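Please read the structure below before turning to the comments.
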Amino acid sequence: METPANIAQDIRFVLVGTQHPGNIGAAARALKTMGLSRLVLVAPEEFPSEEARRRAAGAEDVLAAAAVVPDLAAAVADCRFVLGCTARSRRVQLEELVPRAAGEKLLALAGDGPVALVFGRERTGLTNEELQLCHAAVHIPANPEYSSLNLAAAVQVLAYEVRMAWLARGPAGDGPAGRDAAGREQPASHAQLESFFAQLAETLDEIDFYKGRSPDSAMRKLRRLFLRADLSEREVRLLRGVLADAQRMARQAAGTG
Ligand code: SAH
């Protein structure tokens, strides 16, 4: 499922002063895997570059479309909302978001105009002046003793969260129909599960599973097991098909079918 073009176009990933061209290529790949494509490079140390192209591994289109600008102000001038990604929680006067909230916020605003996520240099991150241009900060809550991700890995985490936010829109929004936040199928309803349990109890009786014991204890355990499985509508239909076949065979064997 591809992210709609207007959303992909509006969410800008800005890399500031990138030192290793390989990271630019890997960032392009990270974006493309998540259905995103807008890369803006602020004064990269080396670009275009063969190493960037190699690491893009099939996302050369994202690299080729990347804009190169001289400073961060130029990269975000037309943006309604700008988030700065920081490897350390800093004492800047900025609200700090976790990536999940950042993805939701960016997605909510995209479609009405450009928004940006800004990533710093490999060695030194973003300067305080650059962070001042941001409306809020995003920190990936990593190991506090070792919290600095590789630049392209940080891009991947944020791009993934944007995608998850989009998938969560479900049938009503532009997200994929019939799927929930995790991209899974429509979960079975309470009524569908109860009909399945009724058919299960009936089938167990017909195949003589209870052998004279009370059905309650077996059904309690089976209910717990199936409820834990978080079944989708489609999975319930499949299970009911299996039960229907078992019932048909049991009835044939009993000469009642
Ligand atoms: N040594 C630098 C880290 C740079 S890592 C520093 O201490 O600031 C390069 C960029 O990747 C960072 O500027 C940031 O934009 C992003 N990044 C790395 N780890 C991150 C994390 N845990 N949370 C958010 N962004 C992170």
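Assign unit charges at the C-beta atoms only (+1 for Lys and Arg, -1 for Asp and Glu), then state the dipole size of the stretch 190-254 relative to its Cα centre in Debye, rounded to the nearest 20. Before the final figure, lay out the partial values.
Numbers: 12 positive and 10 negative charges, 39 e Å.
For the stretch 190-254, the charge dipole is close to 180 debye.
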- Would you work out which of Asn6, Leu109, Leu158 lies farthest towards the positive end of the dipole of the chain, given +1 charges on the beta-carbon of Lys and Arg and -1 on that of Asp and Glu, about the Cα centre? Leu158
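Can you tell me the FRET efficiency between Glu129 and Ala191 if r is taken as the Cβ-Cβ distance and R0 is 51 Å, rounded to the nearest 0.05?
Working: r = 59 Å, r/R0 = 1.15.
The formula returns an efficiency of 0.30 here.
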- Query: Once the Cα atoms of helix 190-206 and of the chain are each reduced to a long axis, what angle between those two axes, in degrees from 0 to 90 to the nearest 10, is obtained?
  - Reply: 40 degrees
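Given axes a ≥ b ≥ c from the Cα gyration tensor, I'd like to know whether the stretch 5-167 is rounded (a/c under 1.5), prolate (a/b larger than b/c) or oblate.
rounded
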- What helix-only [θ] at 222 nm does the chain give? Using -39500 (n - 2.57) per DSSP H run of at least 4, over all residues, to the nearest 500, the answer is -14500 deg cm²/dmol
- Message: Compute the angle between helix 233-253 and the longest alpha-carbon principal axis of the chain, please, reported from 0 to 90 degrees and rounded to the nearest 10.
- Response: 20 degrees
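Could the peptides 57-65, 98-106, 161-169 be put in order, highest first, of the mean number of other beta-carbon atoms found within 10 Å of their residues? Kindly include the intermediate steps, with their values, before the conclusion.
On the way: 57-65: 15.6, 98-106: 19.2, 161-169: 21.4.
Most protected by this proxy first, the peptides run 161-169, 98-106, 57-65.
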- In the stretch 1-133, with Lys and Arg counted as +1 and Asp and Glu as -1 at Cβ, which of these residues, Leu63, Leu15, Ala30, has the Cα nearest the positive end of the dipole, that is, farthest along it? Ala30
- aspartates and glutamates within cross-link reach of Lys105: Cα-Cα under 18 Å, excluding same-chain residues under 8 positions apart? Asp10, Asp78, Glu95, Glu96, Glu161, Asp174
- Magnitude of the charge dipole, the chain, Cβ model with Lys/Arg +1 and Asp/Glu -1, debye to 20: 800 debye
- Query: What spacing in nm lies between the two simple spin-label points modelled at Arg248 and Gln19, each 7 Å away from Cα in the Cβ direction?
  - Reply: 6.8 nm
- Provide the gained length on full extension for the span Ala73 to Lys221, in nm with one decimal, where the gain is 0.36 nm per separating residue minus the Cα-Cα distance. 47.2 nm
- Task: Can you tell me which of 76-89, 107-120, 201-214 comes out highest on packing, and rank the rest after it, using the mean Cβ neighbours within 10 Å?
- Result: 107-120, 76-89, 201-214
- Quick calc, Glu145 & Ile207: beta-carbon distance into FRET formula, R0 51 Å, rounding 0.05, result 0.35
- Note on the structure: Longest principal axis of the chain (C-alpha) makes with the long axis of helix 151-167 (C-alpha) an angle, in degrees to the nearest 10, of 50 degrees
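Multiply the residue separation of Ala101 and Glu233 by 0.36 nm, subtract the distance between their alpha-carbon atoms, and state the gained length in nm to one decimal.
Answer, rounded to one decimal: 44.6 nm.
Laboratory data are not the source of any read-out in this text; all were calculated from the coordinates shown. What you are looking at is a predicted structure, and each value in this text was computed from that prediction instead of being measured. Because the Cβ atoms are built from the backbone with ideal geometry, glycine has one as well, and the counts that use them run over all protein chains shown.
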